1. Would you mind stating whether residue 103 is surrounded by 10 or more Cβ atoms within 10 Å (Cβ to Cβ), within 28 Å of residue 118 (Cβ to Cβ) and in contact with a Leu (Cβ under 6 Å, 6 or more places away or on another chain)?
2. Looking at (1) small (Gly, Ala, Ser); (2) surrounded by 12 or more Cβ atoms within 10 Å (Cβ to Cβ); (3) at pLDDT 90 or above, which is the only condition residue 118 fails?
3. Counting only residues that are in contact with a Gly (Cβ under 6 Å, 6 or more places away or on another chain) and either of a type in the set (Gly, Ala, Ser) or assigned to a helix (DSSP H, G or I) (or both), how many does region 84-111 have?
4. Can you name every residue in region 77-96 that is within 14 Å of residue 107 (Cα to Cα) and either touching a helix residue (DSSP H, G or I) at 6+ places or on another chain (Cβ under 8 Å) or in contact (Cβ under 8 Å) with a residue 40 or more places away in the chain (or both)?
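The values are calculated or read from the model by the stated rules, or taken from the named source; none is laboratory data. Treat the numbers as computed from the prediction; the structure is a model and nothing was measured. Heads up, the Cβs are rebuilt from the backbone with ideal geometry, glycines too, and the neighbour counts pull from every protein chain shown.
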Amino acid sequence: MANPTTSSKGNEARTTAGQTFDKARDTAANVADKAKDVASHAVDKARDAASTVGDMVSNAASNVGRKADDLASSAGSSIKNFGDTIRENAPREGILGSAAKTAADTTKQVGRYLEEEGLSGMMEDVTSVIKRNPIPAILVGVGLGVLIGRLLRS
């Protein structure tokens with residue numbers, strides 16, 4: 001027959017081992033839950049950071065667009081003034097006077113257009129022309145590509 005003290009010590013050891021196993025399993029589950037929470041928090045932080053960066057890029061692009069419109073308006077004003085200078089300093093009569101008047105008028109119109117429309121207005125107009133005339137726009141694009149290619153090759 002088995003020794004009663006040995007049997008009770010075996011039972012005690014099994015109980016202690018079972019309790020230790022349960023504690024280890026609970027601790028592992030807690031660690032896994034905390035790791036999930038930390039990972040979820042990290043994903044939320046990364047998502048917030050990406051959103052912030054996206055907003056900053058959008059604001060920067062908007063500022064660049066406004067600056068480009070301001071510069072185009074300023075350039076338009078300068079071109080318009082150049083048209084006035086041509087008109088003041090060019091001959092008034094004859095073929096040269098007629099050509100100077102046409103150049104001054106055209107220069108002033110270009111300056112006024114740039115001043116009023118800005119770069120964004122120009123882009124809208126170009127887009128509209130391309131939509132109305134797609135085949136000529138493609139041909140002009142190909143022609144410009146060939147011309148630029150030849151200039152860069154030499």
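1. no
2. All conditions are met except number (3).
3. We begin by selecting, within region 84-111, every residue in contact with a Gly (Cβ under 6 Å, 6 or more places away or on another chain); these are 91, 104, 107-108, 111.
Now restrict to residues that are either of a type in the set (Gly, Ala, Ser) or assigned to a helix (DSSP H, G or I) (or both): 104, 107-108, 111.
Total satisfying the criteria: 4.
4. 77, 78, 79, 80, 81, 82, 83, 84, 86, 87, 90
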